[in-house]
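First up is the structure itself, then whatever we jot down about it.
The values are calculated or read from the model by the stated rules, or taken from the named source; none is laboratory data. Just so it is clear, the model here is predicted, and its values are computed rather than measured. All Cβ positions, glycine included, derive from the backbone under ideal geometry; neighbour counts span all protein chains shown. The accessibility values were calculated without ligands, DNA or RNA, using every heavy atom of the protein model including side chains. Shrake-Rupley method; radii C 1.70, N 1.55, O 1.52, S 1.80 Å.
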Amino acid sequence: MSRREALIITFIAALVAIAVPTSLALYFAQRESLRLETDRAMAYARDVLHRSESTADQIDAATRELAAAGGSTPCSDANVALMRRFDLASSYIQAVGYVSDNRFLCSSLGSEVIGLDLGPVDLIQPSGVKLRTRVEFPFAKGTTFLVVERDGYAAIINKRLPIDTTTDASDITLATLSGASIQKVLAGRGYMKAEWLETIRGHHALAFVDDNHVVAAVTSSRYAIGALAALPTTHLTRHVRAIAALLVPVGVLAGMILALVVVKVTRTQFAMPAMLKSALAHDEFFLVYQPVVDLRTGRWVGAEALIRWRRPGGDMVSPDHFIPVAERAGLIGRITARVIDLVAREASDLFVSHPDFHIAINLAASDLTSRTIIDLLLGLARKVSGTPRNLIVEVTERSLIDTEAVRELIRELRAAGIHVAIDDFGTGYSSLSYVETFAFDFLKIDKSFVDKIGTKAVTSHVVSHIIEMAKDLKLEMVAEGIETQVQAHYLQAHGVAYGQGWLFAEAMPLEQLRDQLNGMAMREGGANIPG
Ligand code: MN
């Protein structure tokens with residue numbers, strides 16, 4: 001992946017990181033305000049229905065009682081008096097009368113309306129109740145009344161009453177509906193679309209969005225009446241804005257944090273090669289040496305040189321972190337060269353006093369692709385007044401690329417007198433027969449297998465198989481990461497000659513290693529002095 005591609009991907013990732021939480025916030029804001037608006041429209045519809053049902057209840061009670069009391073003389077003085085009582089007592093009924101041939105014979109309004117023509121019935125309910133939906137009276141011009149007639153008794157209703165709910169929204173649609181399929185608007189206000197009445201047919205309660213309105217409708221379970229309310233979606237938009245004003249900043253903030261993390265991680269990844277080059281230029285790498293011990297005698301026979309990186313601020317960067325980056329960035333050759341260089345600087349004359357001691361140097365896969373490494377190592381042997389025999393190179397199982405060139409290079413290293421060890425053995429996937437095709441001197445048993453010695457872990461037996469393999473291949477063994485006497489005894493008893501680990505010594509600077517070696521040599525020498 002090129003830097004440009006990575007920048008584009010980072011940019012897209014950052015955009016997604018901001019866009020996703022923000023759109024989610026907006027989506028939930030939208031959903032929540034739609035729910036709120038639907039609830040509001042439904043509440044209005046139920047309120048209108050409730051008023052309409054109460055009206056119907058009052059008409060029902062009045063007409064039944066008048067019919068029962070009036071009997072064959074509906075316009076008796078007593079019955080007209082009863083009409084007046086209903087008139088006053090009912091909250092929705094304006095007046096009551098008796099109708100024959102579309103004309104009032106008597107009513108609670110007195111003689112004024114007697115003989116007044118109400119016009120024909122324009123709607124008959126399934127219950128037999130007759131409705132005149134647009135009646136005007138000469139004494140109340142400009143107001144349209146609803147006249148509900150049953151068994152000749154008629155109630156006069158102000159049509160606006162059921163829809164006269166208190167609301168601060170002037171653009172709200174309210175309607176009372178009637179008829180066998182609840183499709184006739186008895187009274188209404190606001191914008192109304194004919195198709196809405198089709199949509200709600202057959203539903204007891206229904207809410208939907210259409211034509212920029214949130215529509216809710218309910219029908220009565222007792223009468224052939226219903227109610228509808230509609231709110232323009234402009235209210236919805238206002239709600240969304242209000243909720244979005246709360247949620248979107250949270251989404252953007254979350255997105256920005258995500259984006260920053262993405263950018264920072266990517267930048268660190270890209271900054272690393274530059275940091276490595278700078279570290280090489282400014283000598284930020286140093287070495288520590290982990291002693292290799294002869295398990296039989298406890299003598300220190302060698303040490304593995306391990307690279308460390310201390311950044312200018314004092315922060316340590318783990319090799320597990322920077323070595324893979326160096327490999328990908330093509331810088332590992334320079335790192336290996338630096339290790340060799342550092343050993344040459346520090347270990348001068350070490351082999352003069354300790355001619356059998358060895359230093360082990362880790363190589364990467366790409367180090368095995370060029371003869372340069374042999375020249376560097378032979379140069380090192382000269383600089384430290386040693387011989388190639390004082391050097392061991394460690395190559396990991398993973399880095400053993402199956403080419404004749406790599407095999408040839410390993411042969412040449414050995415021919416030059418440098419020992420070769422296979423490192424981290426058992427952690428790769430190569431078979432024994434594959435490893436067999438390379439020529440080695442040492443096999444290093446990985447710490448993960450040493451850890452399992454003496455435990456009940458399923459893999460605890462693996463170490464004995466590795467030991468058997470190494471014996472078959474006639475390789476000397478070095479066990480890594482020995483931490484307990486149990487492990488050391490087990491390994492020695494099974495024929496492992498060498499080991500390294502905290503049990504013996506931690507990795508240390510060369511000066512300390514040299515001091516310890518000299519101290520040991522003096523004690524051994526001292527023991528040889530007779531007397
Ligand atoms: Mn190693």
(message) Can you give the local net charge around Asp57? Use residues other than it whose beta-carbon is closer than 12 angstrom to its beta-carbon, Lys and Arg +1, Asp and Glu -1.
(response) +1
(request) Can you send over the carbon and sulfur percentage of the accessible area for the chain, probe radius 1.4 Å, protein chains only? (result) 57
(request) Report P(r) for the range 455-531: all Cα-Cα distances, bin width 5 Å, range 0 to the bin holding the largest distance, values in whole percent. (result) 3, 12, 17, 17, 16, 13, 10, 7, 2, 1, 0
(message) What are the extents of the Cα atoms of the chain along their three principal axes, in Å, largest first?
(response) 152, 48, 47
(request) Could you state the angle between the C-alpha long axis of helix 233-281 and the longest principal axis of the C-alpha atoms of the chain, as a value from 0 to 90 degrees rounded to the nearest 10? (result) 10
(message) Need one number: nm distance between label points at Arg299 and Lys383, each 7 Å from Cα along Cα→Cβ, rounded to one decimal.
(response) 2.8
(message) Output the 0 to 90 degree angle, nearest 10, between the alpha-carbon long axis of helix 372-383 and the longest principal axis computed from the alpha carbons of the chain.
(response) 50
(request) Looking at the chain, send over the antiparallel percent of its DSSP beta bridges, to the nearest 5. (result) 75
(message) Roughly how far apart, in whole Å, are the Cα centres of the range 62-97 and the range 374-430?
(response) 118
(message) For the chain, what is the number of Lys pairs with C-alpha distance below 14 angstrom, counting only pairs 8 or more positions apart or on separate chains?
(response) 5
(message) Rg/Rh for the range 354-471 to two decimals, with Rh computed the Kirkwood way over all alpha-carbon pairs.
(response) 1.02
(request) Note the angle between two axes, namely the Cα long axis of helix 462-472 and the longest principal axis of the Cα atoms of the chain, as a number of degrees from 0 to 90, rounded to the nearest 10. (result) 40
(request) Would you mind getting the Kirkwood hydrodynamic radius of the range 1-155 from its Cα pairs, rounded to one decimal in Å? (result) 19.8
(message) I'd like to check one number: the per residue accessible area of the range 12-64, probe 1.4 Å, reported in Å² as a whole number.
(response) 51
(message) Given points 7 Å out from each Cα along the Cα-Cβ axis, report the Tyr27 to Arg371 separation in nanometres with one decimal.
(response) 6.4
(message) Using helices alone, I'd like the mean residue ellipticity at 222 nm for the chain: each DSSP H run of four-plus residues gives -39500 (n - 2.57), total over residue count, nearest 500.
(response) -15000 deg cm²/dmol
(message) Restricting to Cα pairs below 8 Å that are 6+ residues apart, what does the relative contact order work out to for the chain? Please round to a whole percent.
(response) 11
(message) Rounded to the nearest 10 Å², what accessible area does Val185 have for a 1.4 Å probe in the complete protein model?
(response) 60
